[in-house]
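The structure appears right after this line, and notes come after that.
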Amino acid sequence: MDAIIYESDGGLALASCGAVYLSILRRPLTLEGLARMTRISKRLFEQHRGKCASMAIIEPSAADAASKEVRDKSAELARAHPILGAAIVIEGSGFRPAATRTLVAGLYLVTKKEYPHKIVSTPREGAAWLVPILAAAGVVHSANEIVLAAEATR
């Protein structure tokens with residue numbers, strides 16, 4: 001399944017691979033970027049009747065913490081459109097990316113998302129985690145399809 005790329009610029013790329021919503025953050029998320037993400041996310045949620053998942057890829061250049069306002073608005077979106085699962089890919093190796101993964105995992109625990117989520121370090125790991133969640137809802141995708149769509153979106 002090919003990627004459908006909705007928009008892409010220096011800060012953010014948004015696409016889908018069937019029922020998987022792909023977002024690639026190249027810079028820290030802003031309210032404007034979140035509004036763009038929300039618009040497309042809602043469309044996919046409605047199109048797939050909630051049987052969709054998300055893979056957010058956060059490049060090292062985007063790993064700075066989002067503002068409280070962005071975090072609050074993100075939580076509103078998650079409550080309004082609960083998905084099957086979310087893979088959050090925080091790329092990079094070494095101390096800083098590992099610390100960021102730990103911080104994000106902690107934020108997800110505190111905000112108590114209504115859907116399963118996993119913080120990982122590669123798109124392949126995130127895609128492999130999403131495939132059985134999608135399959136349990138009757139949505140068939142391969143990890144390779146999702147990874148190739150993410151690569152095309154970059």
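Taking every alpha carbon pair in the range 1-77, what does the distance histogram look like in 5 angstrom bins from 0, in percent?
Per 5 Å bin, starting at 0, the Cα pair percentages come out as 3, 16, 27, 27, 17, 8, 2, 0.
Nearest 0.05, what FRET efficiency do S8 and K51 give at R0 = 25 Å with Cβ-Cβ as r?
With R0 = 25 Å, the Cβ-Cβ based efficiency is 0.50.
Once the whole set of protein chains is in place, how much accessible area is left on I133, using a 1.4 Å probe, in Å² to the nearest 10?
Around 40 Å² of this residue is reachable by solvent.
Taking the Cα centre of the chain as origin, work out the dipole magnitude from +1 charges on Lys and Arg Cβ and -1 charges on Asp and Glu Cβ, in debye rounded to 20.
Using Cβ point charges on Lys, Arg, Asp and Glu, the chain gives about 380 debye.
Normalising by the residue count of the chain, find the relative contact order in percent from Cα pairs under 8 Å and 6+ residues apart.
Reported relative contact order: 25 percent.
Tell me what the chain gives for mean residue ellipticity at 222 nm when only DSSP H runs of n ≥ 4 count, each as -39,500 (n - 2.57), the sum divided by the residue total, rounded to 500 deg cm²/dmol.
So the calculated ellipticity at 222 nm is -15000 deg cm²/dmol.
I'd like the carbon and sulfur percentage of the solvent accessible area for the chain, probe radius 1.4 Å, heavy atoms only, ligands and nucleic acids excluded. Working shown, then result.
Working: 4510 of 7770 Å².
The C+S portion of the solvent-accessible surface of the chain is 58 percent.
Assuming R0 = 22 Å, what is the FRET efficiency of S142 and K118, from their Cβ-Cβ distance, to the nearest 0.05?
On the way: r = 18 Å, r/R0 = 0.81.
That pair, S142 with K118, gives E of 0.75.
Which one, A3, L25, S54, is farthest towards the positive end of the dipole of the chain when Lys and Arg carry +1 and Asp and Glu -1 on their Cβ?
Final value for the positive-end residue is S54.
I need the P(r) histogram for the chain: all alpha carbon pairs, bin width 10 Å from 0 out to the longest distance, whole percents.
11, 45, 38, 5
Mind checking which of A75, A56, A143 has the largest fluctuation in a GNM of the chain, springs on alpha carbons under 10 Å?
Result: A75 has the largest fluctuation of those listed.
Under 12 Å from a point placed 7 Å out from the Cα of S67 along the Cα-to-Cβ direction: which residues of the range 1-45 have their backbone N that close?
It comes to 29-34, nothing else.
Any chance you could count the Lys pairs in the chain whose alpha carbons are under 16 Å apart, treating pairs 8 or more apart or on different chains as valid?
4
The values are calculated or read from the model by the stated rules, or taken from the named source; none is laboratory data. Predicted model, so just to flag it, every value in this text is computed and none were measured. So basically every Cβ, Gly included, is an ideal-geometry build from the backbone, and we count neighbours across all protein chains shown. Side chains included, ligands, DNA and RNA excluded: accessible areas come from the protein's heavy atoms. Shrake-Rupley method; radii C 1.70, N 1.55, O 1.52, S 1.80 Å.
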